[in-house]
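Remarks on the structure that follows.
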Amino acid sequence: MSTITQPKPTAVRRQQNGLTSQQIRAVIGAAIAVGGLVLMVANQMNVAFLLVGLLLGLLVWKPFHGVLVAYSIISVYPVLRIVSISLRPSTGLLSRSLDIIPAGASLQSYSNLFNEEPFLQWAWNSLSITVAVSVIGVAVAATGAYAFSRWRFFGRRPALIFLLTTQMIPAGMLVIPIYVIVAQLGLTNQIIGLVLAYISTAVPFSIWILKGYYDTIPPDLEEAAMVDGCNRMEAFWRIILPLSTPALSIVFLFNFLGAWSEFIVAKVILTAQSVMTWPLGLNQLIGTFQTDWGKYAAGSVLVTVPVLLLFMWQSKYLISGLTLGSVKS
Amino acid sequence: MEGISGLSGDVILDTLGQIIPLVIGVIVGVVVLEFLLYNLLAKTFKLKNALAYTLLAPAAIAILAFMLYPLFFNVLLAFSDLKRDTFNCYSPIALGECELDHLYGLDYAVENFTDVFFRVRDGEIIGWGRLLRTADSTFPVLLGRTILWTVVNVIFHFSGGLALALIMNQKIRFKGIYRALIVIPWALPGVITALTWKQEFHAEYGFVNTLMQGIGLEPISWLRDPVAAFVAVVFVNIWLGIPFYMVMLLGGLQSISVEYYEAAQMDGAGALERFRFITMPLLRPILIPAVTLDVIWTFNKLDLIVIMTGGGPEEKTNILVSALYNAAFGTAATQQLGFAAAFSIVIFFILFLFAIVWITSSGGLKEIYDR
Amino acid sequence: MKYGKFVFAVVVVLLALGSFGFALAQDAETLVMWSQDGDVNDAVLAAQFEVWKETTGSTFSLEIVNKETEVLRNDLQTAGLAGSGLPDMVLGPNDAIGVFVDSGLLQPLDNLFDLTKYPINLGAAQVAGTTYGVPTNAGNHLMLMYNKSLVEKAPDTWEELIATAKAIEEANPDVQGFAYNLNEPFWFLPFVHGFGGGTYDADGNMVLDSQAWIDAYQFVQDLKFKEEIVPAECDYACADGLFKEGSVAMIINGDWAIADYKNLETSPALGPDNLGLAPWPKLPNGERPKPFTAGKFISIPVGVEGERLDAVVSFVTWLTTDPAAVTAYALGTSRLPAIAEVTVDPAADPLLAASNEALLTGVGMPADPTLRCMWDSVRPNLEGVMSNSVTPADAAAEAQIAAEECIEG
């Protein structure tokens, strides 16, 4: 990824007794951190004081890093909490403790989850649905977006606005009608019914993103290829698609995430135990008359961490794939 | 349980037996269909844009079948008198004599839409209608709360995302790590986010109160006090929304050419002026679609509220969409599906009107469709 | 060449369609039950089904799908609207039956079962003289549950309960004395009954703003804000979770949870030795709060016919009337049987005997479809009372307005 940075500000370094302002801040920051350490020792080794001290020290020393570290903690902490709950022993699931690794940590919840619930089956069902939705969704959106990007056909503007309009439909409004269609096709309790429903909801937004991205690719490129003897579709396949990797991966990722964690539609369409996806299965664990936070947390960790890693790994494409389409090159 | 945690060879084969034919079938079917359609359009009808229509066909079919038809169905419901004791008139299998002389009609629609706004007794309007069970669930109250919810969220999303993006756009180390960590809330499955935060706002066992007590504040009964509960859901939604803006705006900042800043600096423009006269205007093409989408998404944010507070306590954290969900499916559901459909159409039109006004006044979509 | 590709495509599409059909055909032999009864009890039912299958040689198998009350209602309604996807049996409390009957979604059972077998609580499943559910058990009532390792003797009055709870909290800072599902009307109605109120007056009109209601709101508000013996925030999951791990000494819960609490694996701090059951403690007026009682009922949705219906009727009849089956199910779920022929020996299961004692203090729950309006109207106002933002008198008046609105539609 090409990173364009601002020019270095004409740095004004105040020379005072041979110390730069950077060095002064470093000294103050270190002092605050040491203060945190002292407070920790004074308060029965309460690690919180040290952490706050370190963070404040970093903020003084390198404010930018301080802010980013602080925000990263806010982002990550709730996830760490789920991990921590999943490690708690079954006699201490509800606890006021803030320890990330709880006292008496054990993997009991994980083994309970695997032995008492068909967790792998849930995960497998979700994975099958998700992969099918992502693959078909990207294929359908990729060609549709290409039409929007390269042709000025009749009905193009209303269609584009309609695609945006689909985002405005209140969630929950379509649950009953979608069930009725799926039932009429005889596809309730089958993962195929859910795949079809998800594809249609994923496609509009995918087209939007892809169209924006295609727009930044000069048409000259395809025209040159067509002069060389390719037909239009070959040009699309050989030139546009490879150039659109960032946007395609983002669309794939969004479709993947959406289908992976969808709950409301799945709940009506899939009721049999054998076809349940993980959101349904985990939700069952914390139903009205049954609450098993340990198993629930263990399951949450197992279904979240893989997609989190996928997302973080692909996050380098997020910026180019999502925003390039909106900015004129 | 068979196999390992319910996963056995049979299960895998059975699922693959459904998925692989589906994927292959759809893709092959699409290719065959496109081939036939293209020949039809191009050779028989000699349309100029035959290829464009052909390429659009699969997406159009998917959207028509699973979005347009449900929308139509929903409108039909709004023209019906479907409720608990007339259910058998509309269901193909329910028992009992149907007592309605017609199933769909304008009179029902008028009644359904009036009920969304007004409380009617004997043909007289006697006040605002209650969409749920309390006086806090009248249309104006819910609309006001939805607007407050949307505005507060979008402002914080934008300012938080912009601040982070500006910092991330500096020459700074570990950028990749920060970016990966900061986008985490975005990637979390919504159900898990909402349930986890619900636990964390628990008065006794959540870390929020534990932290507050740690720094000497009084604990707050977050999810039992209406104001505190609203603050809690707003907080979580802000937390959820900042990464999106950070990513969008960072992309925008990176695309601004350095030359602009260099030129401005030569003219003696300060940092604030450069931000105001270069950064902001050049971010506009990104900002307008981002804000549009964010407003729509926030306005329609259902799962978080339904899972975290259920719209309560005292129905005081409902926004329009969560009130709709509760009216149709929740504890306060009266099974008046005709009414619920009318309500959903009203919500949809509010958002639609907003979008039209906002888009035309900001000119934001010209970028998208006139290129 | 081109032609060959086309043939290939057709073959693939046909294969795909074929596999749809195959998947569809698989479920023909499975009976589906939607249950609101919780996993532990469902497992007992599933085991009973296997026994039935063995004795009758039936080829059907049973799939139990667990659904919460609201979800079950919505899903049944959605499936009814589509005309397909309804289960073969529904197992749940009786208050949903009235709603389903209104929508025409349940079959009348008068000609399918010998109803004279169920003299105890069948009325709870009758609407206008027609029966729509067969009881699997009697009860579904709330009672006081306590952890014997923390509480020596069950308190007999609320005064005692408050004193006990405070003593426990003083002795063990990590243990909560008492907790219950504060904001849920099902846990609140017993107080109303104890103060002499009810949902309907003698003429069948819904009255939610009588003095009894106001007294009851006042009482629960005082428990929280004056006596401060209930946690600031505790729903079902919280009370249940804390009780199972030994972090709360006394809770109020229903008979459906007993089997779970008796199980040392799911409830490490309880088990059969530490779980104590008792009737509700007496109010200051000397009355005990009276929990709603009914039971769980099996209903048969419309559209179940032919061999499937025969199998369902045969299984349900056996489950609910065969003495050996009824006893096994009652002991397995720790709930009371709903037929007169079978009584549970207190010596065989002291918990069941205690549950029975609590059951006798209850009042029957009507199957009237308007009962939902009471639940829905009371809930937000109870929340207001429990956050001290609404006075008991205002809550009662507001609930009355909401209920009238709800009934008028």
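The values are calculated or read from the model by the stated rules, or taken from the named source; none is laboratory data. Source: prediction; values computed, not measured. Neighbour counts are summed over all protein chains in view; Cβ atoms, including those assigned to glycine, are modelled from backbone coordinates with ideal geometry. Side chains included, ligands, DNA and RNA excluded: accessible areas come from the protein's heavy atoms. Shrake-Rupley method; radii C 1.70, N 1.55, O 1.52, S 1.80 Å.
Scanning region C:76-86 for residues that are within 7 Å of another protein chain (Cβ to nearest Cβ) and open to solvent by 10 Å² or more (accessible area, probe 1.4 Å) yields a total of 5. Scanning region B:118-138 for residues that are free of Cβ contacts under 8 Å to residues at least 60 places away in the same chain and assigned to a helix (DSSP H, G or I) gives a single hit, B:Ala135. Please work out which residue is nearest to C:Tyr236 (Cα to Cα), limiting yourself to region C:68-101 and to residues that are touching a Lys or Arg at 6+ places or on another chain (Cβ under 9 Å) and part of a loop (DSSP other than H, G, I, E, B). So, considering only residues that are touching a Lys or Arg at 6+ places or on another chain (Cβ under 9 Å) and part of a loop (DSSP other than H, G, I, E, B), the one nearest to C:Tyr236 (Cα to Cα) is C:Asn94.
All conditions in (1) open to solvent by less than 20 Å² (accessible area, probe 1.4 Å); (2) over 18 Å from the mean Cα position of the chain (by Cα) hold for C:Thr391, with the sole exception of (1). Could you tell me whether C:Gly306 is outside the structural domain of C:Val65 (by TED's automatic domain parsing) and free of Cβ contacts under 8 Å to residues at least 60 places away in the same chain? So C:Gly306 fails the test.
Considered as a group, the residues in region A:152-195 that are within 22 Å of A:Ser261 (Cβ to Cβ) and in contact with a Gly (Cβ under 7 Å, 6 or more places away or on another chain) include one that is nearest to the other protein chains (Cβ to nearest Cβ), and that residue is A:Thr188.
Annotation note: of B:Ile286, B:Ile215, the sole residue that is out of contact with any strand residue (DSSP E or B) (no Cβ under 6 Å at 6 or more places or on another chain), under 30 Å from A:Leu98 (Cα atoms) and either modelled with pLDDT under 85 or outside the structural domain of B:Pro189 (by TED's automatic domain parsing) (or both) is B:Ile215. Answer yes or no as to whether B:Leu55 is buried (at least 22 other Cβ atoms within 10 Å of the Cβ) and within 9 Å of chain A (Cβ to nearest Cβ). So B:Leu55 fits the description; yes. Scanning region A:262-289 for residues that are in a loop (DSSP other than H, G, I, E, B) and either acidic (Asp, Glu) or surrounded by 21 or more Cβ atoms within 10 Å (Cβ to Cβ) (or both) returns A:Glu262, A:Leu270, A:Thr271, A:Met276, A:Thr277, A:Phe289. Restricting A:Ser90, A:Ser106, A:Ser126 to residues that are touching a residue at least 40 places away in the same chain (Cβ under 8 Å) and not in a helix (DSSP H, G or I) narrows the list to A:Ser90.
Residues are listed down the side, and each one gets a yes or a no for (1) open to solvent by 20 Å² or more (accessible area, probe 1.4 Å); (2) at the interface with chain A (Cβ under 10 Å from one of its Cβ atoms); (3) at positive phi:
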{"position": "B:Phe45", "(1), (2), (3)": "yes, no, no"}
{"position": "B:Ala59", "(1), (2), (3)": "no, yes, no"}
{"position": "B:Phe72", "(1), (2), (3)": "yes, yes, no"}
{"position": "B:Leu76", "(1), (2), (3)": "yes, yes, no"}
{"position": "B:Leu95", "(1), (2), (3)": "yes, no, no"}
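Being within 24 Å of the chain's Cα centre (by Cα) and away from chain C (no Cβ under 14 Å) is the filter here; which residues of region B:117-141 pass it? Within region B:117-141, B:Phe117, B:Phe139, B:Pro140 meet the criteria. When only residues in region B:97-137 that are crowded, with 19+ Cβ neighbours inside 10 Å and of a type in the set (S, T, N, Q) count, which is modelled with the lowest pLDDT? Filtering first and then ranking leaves B:Thr134. Residues in region C:291-346 that are open to solvent by less than 10 Å² (accessible area, probe 1.4 Å), part of a helix (DSSP H, G or I) and among the hydroxyl-bearing types (Ser, Thr, Tyr): C:Thr320, C:Tyr329, C:Thr333. Taking (1) modelled with pLDDT under 85; (2) closer than 16 Å to B:Ala165 by Cα in turn, B:Asp267 satisfies each apart from (2).
Of the helices (runs of 4 or more DSSP H) lying entirely inside region B:231-312, not one contains at least 1 residues that are out of contact with any helix residue (DSSP H, G or I) (no Cβ under 9 Å at 6 or more places or on another chain), within 11 Å of chain A (Cβ to nearest Cβ) and open to solvent by less than 10 Å² (accessible area, probe 1.4 Å).
Examine region A:290-310 for a residue that is at pLDDT below 85 and facing chain B (nearest Cβ under 7 Å), and state whether such a residue exists. The answer is no, given that none of the residues of region A:290-310 is at pLDDT below 85 and facing chain B (nearest Cβ under 7 Å). Here A:Val140 clears all of (1) open to solvent by less than 10 Å² (accessible area, probe 1.4 Å); (2) assigned to a helix (DSSP H, G or I); (3) at the interface with chain B (Cβ under 7 Å from one of its Cβ atoms) except the condition numbered (1).
When region C:208-262 is examined, which residues are found to be among the hydroxyl-bearing types (Ser, Thr, Tyr) and either open to solvent by less than 10 Å² (accessible area, probe 1.4 Å) or under 19 Å from C:Asn140 (Cβ atoms) (or both)? Listed by number, the residues that qualify are C:Tyr217, C:Tyr236, C:Tyr261.
The residues of region C:93-150 that are modelled with pLDDT of 90 or more and charged (D, E, K, R), listed by number, are C:Asp110, C:Asp114, C:Lys148.
Has region A:123-130 got at least one residue that is touching a strand residue (DSSP E or B) at 6+ places or on another chain (Cβ under 9 Å) and either open to solvent by 50 Å² or more (accessible area, probe 1.4 Å) or not assigned by TED's automatic domain parsing to the domain that holds A:Ile24 (or both)?
yes
Is it true that C:Asp110 is farther than 26 Å from A:Ile264 by Cα and without any contact (Cβ under 8 Å) to a residue 60 or more places away in the chain? So C:Asp110 fits the description; yes. Residues that are closer than 16 Å to B:Pro58 by Cα and part of a loop (DSSP other than H, G, I, E, B) within region A:199-223 are absent altogether.
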